[in-house]
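Please read the structure below before turning to the comments.
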Amino acid sequence: MMMIKGGHVIDPGNLNGIFDIYIKNGVIESVVPSSDSDKTQTPTNTSANIPTDTIDASGKIVTPGLIDMHVHLREPGHEYKETIESGCHAAVAGGFTAVCSMPNTNPVNDNSEITSFIIKKAKEAGFARVYPVAAISHGISGKSLTEFSDLKNAGAIAVSDDGRPVINDQLMRRAMEYAKGFNLLVISHSENLELTAGGSMNEGPISTRMGLAGIPNAAESVMVMRDIALCELTSARLHIAHVSTHESVRAIRDAKNRSVPVTAETAPHYFTLTDETVSGYRTNAKMNPPLRSQKDVEAIKEGLADGTIDVIATDHAPHSTLEKDVEFDKAANGIIGLETSLPLSLALVRDGVLQMETLIEKMSKNPGRILGLNNKIEKGQPADLTIIDAETEYDADPDAFFSFSRNTPFAGMKMKGRAAATIVNGCIVFRY
């Protein structure tokens with residue numbers, strides 16, 4: 001038996017206070033107020049009921065396990081950037097008990113064999129749970145739909161062509177209709193390729209000053225609006241990935257006000273950094289969608305605060321120096337994020353943008369709800385828990401990360417807050 005003692009347990013809508021959590025055989029056995037627990041733990045208890053491992057969580061926050069809805073694990077095909085094992089190790093170091101792996105591997109996760117392979121490798125690694133997101137179209141080519149039934153039976157939790165948009169309107173409509181029949185979530189990579197063609201950063205004064213072709217906000221927002229219209233037409237569940245612009249936030253807010261079944265995510269870099277970060281042609285700040293203006297950053301924060309944006313995900317995208325130490329316009333898009341997401345997101349609480357309970361909703365409860373996962377802290381539930389030390393301060397050091405890759409714009413940045421321990425299925429898989 002394991003005991004997590006004296007932590008501030010925050011399970012939005014369920015618990016908020018100082019509790020002791022007892023875990024047995026990977027399952028939560030009981031959750032009791034710490035004062036009551038002290039009274040009941042007497043010498044008369046049998047040895048079978050005495051915790052063999054006690055975690056002192058006093059002064060720390062205990063939450064349902066954090067869930068990252070958007071991660072690129074790179075295996076199969078690009079194991080030099082990341083493996084399922086290294087990515088899952090990075091995940092638990094960042095406090096995540098579960099991640100959703102995107103399908104743009106090589107080969108693409110567009111069939112049940114690849115889906116099963118990913119799940120098998122994750123179980124062998126023994127760190128975070130992995131819920132594969134399968135491709136909408138074969139080879140993420142946007143030409144023909146994959147077999148959603150086979151993919152779901154193999155363990156796929158959602159479908160997406162993330163990395164590329166589904167350009168064909170009719171194919172996206174059919175994908176939503178098909179997914180609805182299997183109760184699969186459709187995750188949209190909202191990008192108009194004609195508007196992004198040739199661009200390598202946000203379109204604006206900084207791109208002009210640097211002499212780089214820009215990507216306008218409309219490249220994202222017009223596709224967000226298209227997919228919202230198709231969602232409204234089909235009543236399928238739609239999730240908008242990596243929201244970065246104020247126009248997209250406005251469109252999603254309006255859709256929610258019409259009760260359209262759409263949810264949305266953003267990533268920490270979109271509420272922490274602006275396109276100024278690219279100055280000096282910093283390829284570790286190059287991503288898709290690109291870092292935007294301060295106006296967009298403020299809109300993202302407002303969208304998080306008012307519930308327009310449901311989820312904070314990382315869009316963890318590992319790349320080696322081979323893809324990043326090149327000319328800016330030739331560099332690969334993407335940054336790693338699993339091991340910096342929690343401290344960057346905790347800054348929203350310190351800055352008064354979100355309450356702690358709301359932050360936990362964005363990083364744990366809402367992803368669970370959207371994906372159909374019950375991650376409530378209560379008797380009988382799997383013991384997937386994150387213990388957060390919100391006060392520890394340190395400098396971000398990519399060389400100390402568990403990810404294989406180092407492509408982050410946050411290297412050397414002062415951080416506050418981290419995962420003190422991550423527990424998956426009742427096992428301590430990370431402890432700082």
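Around the amide H of residue 239, modelled in the peptide plane, lie the amide H atoms of 186, 187, 188, 263, all under 5 Å away and 5 or more residues distant in sequence or on another chain.
Given R₀ = 25 Å, FRET efficiency for residue 295-residue 394 by Cβ-Cβ distance, to 0.05? It comes to 0.20. Under the shape rule built on the C-alpha gyration tensor, where the axes satisfy a ≥ b ≥ c, the range 219-291 is prolate, since a/c reaches at least 1.5 and a/b is greater than b/c. Among 427, 231, 88, the ranking by other beta carbons within 10 Å of each residue's beta carbon, starting with the fewest, stands as 427, 231, 88. Only beta bridges with both residues in the chain are counted; by DSSP, about 50 percent of them are antiparallel. Highest mean packing first, where packing is the average number of other Cβ atoms within 10 Å per residue, the peptides 279-286, 355-362 line up as 355-362, 279-286. Over the chain, dividing the summed -39,500 (n - 2.57) contributions of all DSSP H runs of at least 4 residues by the number of residues returns a 222 nm mean residue ellipticity of -8500 deg cm²/dmol.
Let me check I've understood the local charge: for residue 28, count other residues with C-beta under 15 angstrom from its C-beta, Lys and Arg +1, Asp and Glu -1. What total comes out?
Values: positive: 5, 24, 376, 379; negative: 11, 20, 29, 53, 378, 384.
Neighbour charge sum, excluding residue 28 itself: -2.
Charge tally for residue 57 (other residues, Cβ to Cβ under 11 Å; Lys, Arg +1; Asp, Glu -1): -1. Coordinate range of the alpha-carbon atoms in the chain per principal axis, descending: 73, 46, 44 Å. Counting only residues at least eight positions apart within a chain, or on another chain, the aspartates and glutamates with an alpha carbon under 14 Å from that of residue 362 are 11, 68, 265, 302, 306, 310.
A simple spin-label model places pseudo-atoms 7 Å from Cα toward Cβ; at residue 208 and residue 306 they are separated by 3.0 nm. Across the range 164-264, counting alpha-carbon atoms alone, Rg and Dmax equal 14.7, 50 Å.
Highest mean first, the peptides 250-258, 418-426 sorted by other C-beta atoms within 10 Å per residue fall in the order 418-426, 250-258.
I need to check one value: relative contact order of the chain, counting alpha carbon pairs closer than 8 Å and at least 6 residues apart, in percent.
Numbers: 1048 pairs, mean separation 83.9, N = 432.
The value is 19 percent.
Arranged from highest to lowest average of other beta-carbon atoms within 10 Å per residue, in what order do the peptides 141-153, 10-22 appear?
Numbers: 141-153: 16.8, 10-22: 18.6.
Descending mean neighbour count gives 10-22, 141-153.
Stretched out straight at 0.36 nm per residue, the stretch from residue 35 to residue 80 would grow longer than its current Cα-Cα span by 11.2 nm.
Taking other Cβ within 10 Å of each residue's Cβ, how do 96, 328, 271 sort, fewest first?
328, 271, 96
Given 0.36 nm per residue, what is the gain on full extension from residue 138 to residue 24 after removing their alpha carbon distance, in nm?
Length gained between residue 138 and residue 24: 36.7 nm.
The stretch between residue 58 and residue 320, if pulled fully straight at 0.36 nm per residue, gains 90.4 nm over its current Cα-Cα span.
Count the net charge of all other residues whose Cβ sits under 15 Å from the Cβ of residue 283, scoring Lys and Arg as +1 and Asp and Glu as -1.
On the way: positive: 81, 282, 286, 324, 330, 406; negative: 275, 323, 325, 327, 329.
The answer is +1.
Proximity of backbone amide H atoms, modeled 1.01 Å from N, is registered between residue 98 and 68, 129 at under 5 Å, excluding neighbours fewer than 5 places apart on the same chain.
Taking the Cβ-Cβ separation of residue 235 and residue 120 as r and a Förster radius of 30 Å, what is the calculated FRET efficiency to the nearest 0.05?
Values: r = 35 Å, r/R0 = 1.15.
Approximately 0.30, to the nearest 0.05.
Taking label points 7 Å from Cα along the Cα-to-Cβ direction, residue 411 and residue 169 give a separation of 4.5 nm.
Under 5 Å between amide hydrogens, built in the peptide plane, is the criterion, and for residue 19 it picks out 6, 7, 9, 34 among residues at least 5 positions away or on other chains.
The numbers here are math on the coordinates, done by the rules we state, and not lab data. All figures in this text were calculated on a predicted structure; none of them were measured in a lab. Every residue, glycine as well, gets a Cβ built from its backbone with ideal geometry; the counts of neighbours run over all protein chains shown.
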